[in-house]
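Since the structure comes first, as structure tokens, the remarks are kept for the end.
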Amino acid sequence: MIQLASRLNGVAASASAEISLAVRSLRAQGKEIIDLGIGQPDFDTPPHIVDAAHKAALDGQTRYPPTVGTIALREAVSAKFQRENHLSYGIDQILIANGAKQVLFNGLMATLEPGDEVLLCAPYFDSYASIVRVLGGIPVKLDIREEDGFVLQPNDLERAITSKTRWLLLNSPGNPTGAVYSANNYRDLVPVLENSPKIWVMSDEIYEHIIFDGVRHDSFAAACPELKERTLTVNGASKAYAMTGWRIGYGAGPRSLIKAMMVVQSQITSGACSIAQAATVAALEGPQDFVNDARAAYQVRRDLVFEGVNRVTGISLRKPAGAFYALINVGNLPFQTSGDAAKFFLEKAGVAGVPGHVYGLEPFFRLSLAAADKKLEVGLEKMKYALESYL
Ligand code: PLP
């Protein structure tokens with residue numbers, strides 16, 4: 001047996017991959033399963049973006065691109081930040097990577113020393129904790145309360161800070177909470193962060209376009225310009241343009257950090273796929289109808305699931321303001337853990353979702369809204385029926 005590195009202790013493959021495996025195995029036994037586990041748009045990438053990739057390949061954009069990203073894409077990202085987020089980043093402050101996940105990884109790898117602490121607002125995107133652990137850091141969980149709208153409160157932040165704290169990770173619109181921070185929510189954190197000049201902020205804004213009820217997305221660095229010099233803004237093409245498979249993410253921040261992240265990237269992947277980068281230029285610079293249509297479709301599903309869940313006795317849902325997840329509170333059900341609840345819904349209702357412990361907080365069960373309306377309706381009906389037969 002090969003001896004594995006201790007840095008992998010306590011780190012598992014992503015939870016959604018395991019859930020997909022369970023779904024496949026149940027389907028192989030002939031069971032009908034509605035899979036609402038995975039968090040990715042169910043739409044196809046818009047054709048003009050695919051055309052741009054085709055053209056780039058035919059035009060010979062097939063060699064190693066610059067490690068930090070093509071000039072064309074960094075210019076398009078810089079213009080996007082200015083246009084949509086009122087943020088000025090020069091192209092030497094921008095790095096293109098293989099998905100937002102690699103941006104997060106590069107940023108943490110470039111800065112964490114063993115034992116450094118990274119503050120995560122639980123429930124959080126599960127990869128945050130795993131990446132910190134792989135890099136020898138310590139993920140420190142801040143439990144965020146549902147009654148606070150899953151928004152970090154300054155007192156809770158202040159209490160968690162130690163001399164070892166290096167980063168605060170923020171994610172709005174949030175996976176799995178659906179919470180959206182206003183500029184004021186961000187500004188409430190400023191006095192605490194100004195008192196702790198060693199702490200940097202990583203603001204993951206990958207769901208910025210999936211935001212409901214006409215609410216505007218606020219970028220952390222734009223809301224808190226005094227902290228822009230110690231902020232890494234993370235975003236990407238995956239969720240906004242239904243491009244999860246193209247693997248393009250981008251990060252923007254101070255030049256010294258971006259340069260260090262580029263060094264990390266040059267030794268891991270040599271950069272992101274040249275053809276996917278050309279496609280992302282078309283995504284950012286082309287028509288934005290897809291983004292608006294997808295947002296409207298997710299909002300219809302959000303409403304459908306919100307009403308559906310709250311009709312079922314024993315479970316409840318706080319209305320998600322953004323992203324495409326429903327984080328259902330299962331605390332009133334007679335299960336010990338959210339894992340037991342998820343197992344029940346999978347086996348008795350044929351609905352796959354993700355238990356809250358994966359995101360660091362009980363008692364929740366996450367369903368993805370990135371599925372056809374009919375699937376969501378039938379899934380909720382099945383959950384209702386299974387619960388009524390059980391309770
Ligand atoms: N950040 C959050 C909050 C996510 O939910 C995800 C994917 O689920 C990512 C980052 C990863 O994005 P990408 O596909 O660009 O790596």
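Is it true that some residue in the stretch 9-20 is assigned to a helix (DSSP H, G or I), touching a residue at least 60 places away in the same chain (Cβ under 8 Å) and either on the phi > 0 side of the Ramachandran plot or in the same structural domain as ILE268 (by TED's automatic domain parsing) (or both)? Within the stretch 9-20 (the criterion being assigned to a helix (DSSP H, G or I), touching a residue at least 60 places away in the same chain (Cβ under 8 Å) and either on the phi > 0 side of the Ramachandran plot or in the same structural domain as ILE268 (by TED's automatic domain parsing) (or both)), the answer is no, since none of the residues qualifies.
Going through the stretch 21-47 one residue at a time, which ones are more than 30 Å from GLN288 (Cα to Cα), part of a loop (DSSP other than H, G, I, E, B) and touching a residue at least 12 places away in the same chain (Cβ under 8 Å)?
Of the residues in the stretch 21-47, the ones more than 30 Å from GLN288 (Cα to Cα) are 21-34.
Checking the rest, the ones that are also part of a loop (DSSP other than H, G, I, E, B) come to 29-33.
Within the stretch 21-47, LYS31, GLU32, ILE33 meet the criteria.
Per the conditions (1) outside the structural domain of LYS374 (by TED's automatic domain parsing); (2) in a helix (DSSP H, G or I), the sole criterion not satisfied by PRO65 is (2).
Working carefully through the options ASP340, ASP293, find the one that is within 30 Å of ALA52 (Cα to Cα) and assigned by TED's automatic domain parsing to the domain that holds TYR385. So that I can check it myself, show each step before the final result.
Numbers: ASP340 fails: within 30 Å of ALA52 (Cα to Cα).
Only one candidate qualifies: ASP293.
Is one or more of the residues making up the stretch 202-215 out of contact with any Ser or Thr (no Cβ under 7 Å at 6 or more places or on another chain), more than 11 Å from the ligand (Cβ to nearest atom) and in a strand (DSSP E or B)? Yes, the stretch 202-215 contains a residue that is out of contact with any Ser or Thr (no Cβ under 7 Å at 6 or more places or on another chain), more than 11 Å from the ligand (Cβ to nearest atom) and in a strand (DSSP E or B).
When we screen VAL68, VAL103 for residues that are in contact with a strand residue (DSSP E or B) (Cβ under 6 Å, 6 or more places away or on another chain) and farther than 21 Å from TYR241 by Cβ, the only hit is VAL68. Of all residues in the stretch 281-295, those satisfying the criterion of being touching a helix residue (DSSP H, G or I) at 6+ places or on another chain (Cβ under 6 Å) and surrounded by 18 or more Cβ atoms within 10 Å (Cβ to Cβ) are VAL281, ALA282, ALA283, LEU284. For the stretch 177-201, a residue qualifies if it is under 25 Å from ASP116 (Cα atoms) and in a loop (DSSP other than H, G, I, E, B), and the qualifying residues are ASN195, SER196, PRO197, LYS198, ILE199. Under 8 Å between Cβ atoms, which residue pairs at least 6 apart in sequence (or on different chains) link something in the stretch 301-323 that is within 16 Å of the ligand (Cβ to nearest atom) with a partner that is part of a helix (DSSP H, G or I)? Within 8 Å, the pairs are PRO320/ARG302; PRO320/PHE306.
Tell me the residue from ALA370, ALA326 that is out of contact with any Asp or Glu (no Cβ under 9 Å at 6 or more places or on another chain) and crowded, with 17+ Cβ neighbours inside 10 Å, please.
Values: ALA370 fails: out of contact with any Asp or Glu (no Cβ under 9 Å at 6 or more places or on another chain).
The unique qualifying residue is ALA326.
Take the stretch 85-103 and flag every residue that is under 19 Å from the mean Cα position of the chain (by Cα) and assigned to a helix (DSSP H, G or I). Scanning the stretch 85-103 gives ASN85, GLY99, ALA100, LYS101, GLN102, VAL103.
Going through ALA100, ALA79 one at a time, which residue ends up being within 16 Å of the ligand (Cβ to nearest atom) and under 16 Å from GLY253 (Cα atoms)? Write out each step before concluding.
Working: ALA79 fails: within 16 Å of the ligand (Cβ to nearest atom).
Unique residue meeting the criteria: ALA100.
For the stretch 216-240, the tally of residues that are more than 11 Å from the ligand (Cβ to nearest atom) and in contact (Cβ under 8 Å) with a residue 60 or more places away in the chain stands at 7.
Would you check which residues across the stretch 240-293 are touching a His at 6+ places or on another chain (Cβ under 6 Å) and under 16 Å from ILE206 (Cβ atoms) and list them? Correct list: ALA240, VAL291.
Results for (1) more than 27 Å from SER266 (Cβ to Cβ); (2) in contact (Cβ under 8 Å) with a residue 12 or more places away in the chain; (3) surrounded by fewer than 23 Cβ atoms within 10 Å (Cβ to Cβ); (4) within 15 Å of the chain's Cα centre (by Cα), shown as yes or no for each residue.
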position	(1), (2), (3), (4)
VAL118	no, yes, no, no
TYR128	no, yes, no, yes
PRO139	no, yes, yes, no
ARG145	yes, no, yes, no
LEU157	yes, yes, yes, no
THR165	yes, yes, yes, no
SER172	yes, yes, no, yes
ASN175	yes, yes, no, yes
TYR186	yes, yes, no, no
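How many residues are under 27 Å from HIS217 (Cα atoms), part of a loop (DSSP other than H, G, I, E, B) and at pLDDT below 95 if we restrict to the stretch 302-322? Break it down into steps so the answer makes sense when it comes.
Our first condition is that a residue be under 27 Å from HIS217 (Cα atoms); within the stretch 302-322, this holds for 302-310, 316-322.
Imposing the further condition that a residue be part of a loop (DSSP other than H, G, I, E, B) reduces the set to 318-321.
Restricting the remaining residues to those that are at pLDDT below 95 gives none.
Residues flagged as under 27 Å from HIS217 (Cα atoms), part of a loop (DSSP other than H, G, I, E, B) and at pLDDT below 95 within the stretch 302-322 amount to 0.
Scanning the stretch 122-161 for residues that are part of a loop (DSSP other than H, G, I, E, B) and of a type outside the set (Phe, Trp, Tyr) returns PRO123, LEU135, GLY136, GLY137, ILE144, ARG145, GLY149, VAL151, LEU152, GLN153, ILE161. Applying the condition of being part of a loop (DSSP other than H, G, I, E, B) and more than 11 Å from the ligand (Cβ to nearest atom) to the stretch 243-265 and asking which residue is nearest to LEU73 (Cα to Cα) yields GLY253.
The values are calculated or read from the model by the stated rules, or taken from the named source; none is laboratory data. It should be emphasised that the depicted structure is a prediction, and the values quoted were computed from it without experimental measurement. Note: ideal-geometry Cβ built from the backbone for every residue, glycine included; neighbour counts use all protein chains shown.
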